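Everything on this sheet refers to the single structure shown next.
The values are calculated or read from the model by the stated rules, or taken from the named source; none is laboratory data. Predicted, not measured: the structure shown is a model, and the values here were computed from it. Note that we place each Cβ from the backbone using ideal geometry, even for glycine, and neighbour counts take in every protein chain shown. These area figures cover heavy atoms from the full protein model, side chains too; ligands, DNA and RNA do not enter into them. Shrake-Rupley method; radii C 1.70, N 1.55, O 1.52, S 1.80 Å.
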Amino acid sequence: IILVSVYCVLAHTPFVSATLNNEYHLDTIRQFFIAVIYSRCSDLWFVKNLIIYSILSPIILLSLKNRLVSTLILIGSIALIFVYPVGYESVLKWFPVYYQGAILGYLYNKAGHYQPIVCKSKTEEFVFSAICLSFFLLAFAGSIFFTTGMDIYRLLAPLLMWVIVDLVSADYISDRFQVKDWMKYTFVIYCSHHIILNVLQKLVVISLPAKP
C-alpha cells in the first residue's frame, strides 16, 4: 500500500509525472486497490506468487514423487507460457521456474547432503564447463533478440550457472564455504533492488541524450 501510494502521488505531481513511464494508471480508487492486490509498482508480486505456490505445495509435493508426472508437468507448464500469453506478474508465468526448483529441491532433500558434480579429469571438467557456458551465452543472446528468449534464459541460466560454479569450486563449497552476514539479508535486497534500479535507469535516461 505504501509503495503504491508513493507511485500514485508521484504520478499526479506535475513536474514529476512527465518523467515517469506511467505504466500503471492510478486515476480511480478501483485502480489503486487493483495495483495493491496484484502487487504492482513493487517486486512483492513475486511474494504473492510464492504464497499461492505454498498453498498448492501439498499437490506439488505429491506430483514430485513420480518423475514421469513431474517431468510432464514441467514441460506442459513451459509450453503453456509460450502458447498462451500471460502477464509478467502471473502465477502461470513463473510456475515453471518454481517447479523446476521444486524438482531439484526434492531430489536434493532425498540425497540428504551436498552432492557436487564430479568429473573424472580436468579435461572433462573443462569441456563440460565450456558447453554449459556456451548454452548460457546463447540463452542470454536469445533473451536480447527474441521475446520468448527471456523465458528460456530464466529457466536455463540458474541451472547452467549452478553447474559451472559446482564444477569450478566444488571443493570450496563442500569444505571451506561459510555463510556471511550480508547473505542473510536476501529479502531486504530483493525488496529494494527494483526501486534502486528504476531510479538509476531513469537518471541514465534523463542524463544521456537520446540518439536519433
From Gln201, Gln178, residue being open to solvent by 70 Å² or more (accessible area, probe 1.4 Å), out of contact with any Lys or Arg (no Cβ under 8 Å at 6 or more places or on another chain) and in a loop (DSSP other than H, G, I, E, B): Gln178
From the options Val9, Val4, Val69, residue that is at pLDDT 70 or above, surrounded by 14 or more Cβ atoms within 10 Å (Cβ to Cβ) and hydrophobic (A, V, I, L, M, F, W, C): Val4
Members of segment 35-66 found to be among the β-branched types (Val, Ile, Thr), modelled with pLDDT under 90 and farther than 17 Å from Tyr190 by Cα, listed by number: Val36, Ile37
Residue count for segment 82-111, restricted to those that are part of a loop (DSSP other than H, G, I, E, B), under 20 Å from Ser57 (Cα atoms) and either charged (D, E, K, R) or at pLDDT below 80 (or both): 1
Qualifying residue in segment 146-157 (condition: open to solvent by less than 70 Å² (accessible area, probe 1.4 Å), modelled with pLDDT under 75 and of a type in the set (Ser, Thr, Tyr)): yes
Lone qualifier among Ser63, Ser77, Ser54 - being over 19 Å from the mean Cα position of the chain (by Cα), under 17 Å from Val97 (Cα atoms) and in a helix (DSSP H, G or I): Ser63
Condition check for Tyr24: modelled with pLDDT of 75 or more, of a type in the set (Ser, Thr, Tyr) and either closer than 22 Å to Gln201 by Cβ or not in a loop (DSSP other than H, G, I, E, B) (or both): no
Ser143 vs. criteria open to solvent by less than 70 Å² (accessible area, probe 1.4 Å), modelled with pLDDT under 70 and not acidic (Asp, Glu): yes
Members of segment 36-51 that are in a loop (DSSP other than H, G, I, E, B) and open to solvent by less than 90 Å² (accessible area, probe 1.4 Å): Ser39, Arg40, Cys41, Ser42, Asp43, Leu44
Hey, Ser129 under 30 Å from Leu74 (Cα atoms), at pLDDT below 75 and touching a helix residue (DSSP H, G or I) at 6+ places or on another chain (Cβ under 6 Å) or not: yes
